[in-house]
Amino acid sequence: MNKSFLIIILVSLGLVATLYSLPKIIVGEKKELLTGTANRDKPLKKEEMGENEPDKEESHANKLDANQQKLINQLKVNYFETTPDKKEELGKKLINEFAKFQMFDSAAYYSEKLSVSNPNEKNWIATGDYYYQAFTYALEDVKSVKMGEKSREYYQKALDKNPNLLLAKTNMAMTYVSTQTPMQGILLLREVVAESPDYEPALFNLGLLSMRSNQFLKAVERFRHITKNNPNNTKAAFYLGVSLARLGRNEEAKEVLLKVKEIDKDPSIQAELSTLLNELN
């Protein structure tokens, strides 16, 4: 049993910044391809090929196929060649496509351009969110650090105007966890919970961080707080069950995990729950 639970905890650490705090990206239905032909096959300028994007030489988890790349290239042409009054509209179309393909670093790069040309809280938050997602998906440590720094920069701009942005504070806190000053992030999460004791994203991340440091009693406290207020939060319930098992409270753990099994029908979760429950018997 210890080996499986160790694996679960290691997975938790890998997902600690992604399981709960990822902002919701509305991608909607797949957008239709542009029908005009004037610019479709026109050679792209250097900046339109993205050669000035800071992440151009870095790897992405997803690779575009030929049609997807063609769409992105066309959207870049439209964005760079449009008039200033249409820049934000076309920029957001380009950003949404990058987000759809989980290329959050590129989405963040163009979102930052919009933030510079039209600085306001909404654009700062959007840019911070995209950089945060790029941070969580980064495949290289150097890139992760860079994306975390950029995320904090734009979240801070928004927080300077509006200190009550709890999700921005929570996400910003998580970018500190993998730095040389992780306590700065933990203290910021505690600050969020002090402001709003029932705020789920901060409680959830504090619970996962407690698991990482083998403080399973604290983890149980955090996850139980969430599930008491929101019984349908199966992620919190899952980690509550794991934490209870790590404390040797197997019957309590089985009770919690069986409830998760009833509610969450995700096949990967179901498979993991079956393994864990068998080991608890």
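All of the numbers you see were taken from the coordinates with simple rules; none came from a lab. Since the structure is predicted, the reported quantities are computational estimates derived from the model, not experimental observations. With ideal geometry, Cβ positions are generated from the backbone for all residues, glycine too; neighbour counts draw on all protein chains shown.
Below, the figures for the structure above:
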{"read-out": "Global geometry of the stretch 178-281, whether rounded, prolate or oblate, following the gyration tensor of its Cα atoms and the 1.5 cut on a/c", "value": "prolate"}
{"read-out": "Inter-label distance, nm, simple model (7 Å from Cα along the C-beta direction), residue 63/residue 122", "value": "3.8 nm"}
{"read-out": "Distance (nanometres) between label positions extended 7 Å along Cα→Cβ at residue 215 and residue 83", "value": "5.8 nm"}
{"read-out": "Full-stretch length increase - residue 258, residue 70 - with 0.36 nm per residue and alpha-carbon distance subtracted", "value": "63.0 nm"}
{"read-out": "Pairs from 143/254; 100/261; 218/265; 92/143; 92/228; 113/235 whose Cα-Cα separation, in the structure shown, is over 32 Å", "value": "143/254; 92/228; 113/235"}
{"read-out": "Charge-dipole axis of the stretch 105-169 as Lys and Arg at +1 and Asp and Glu at -1 on Cβ define it, positive-most pick from 139, 120, 106", "value": "120"}
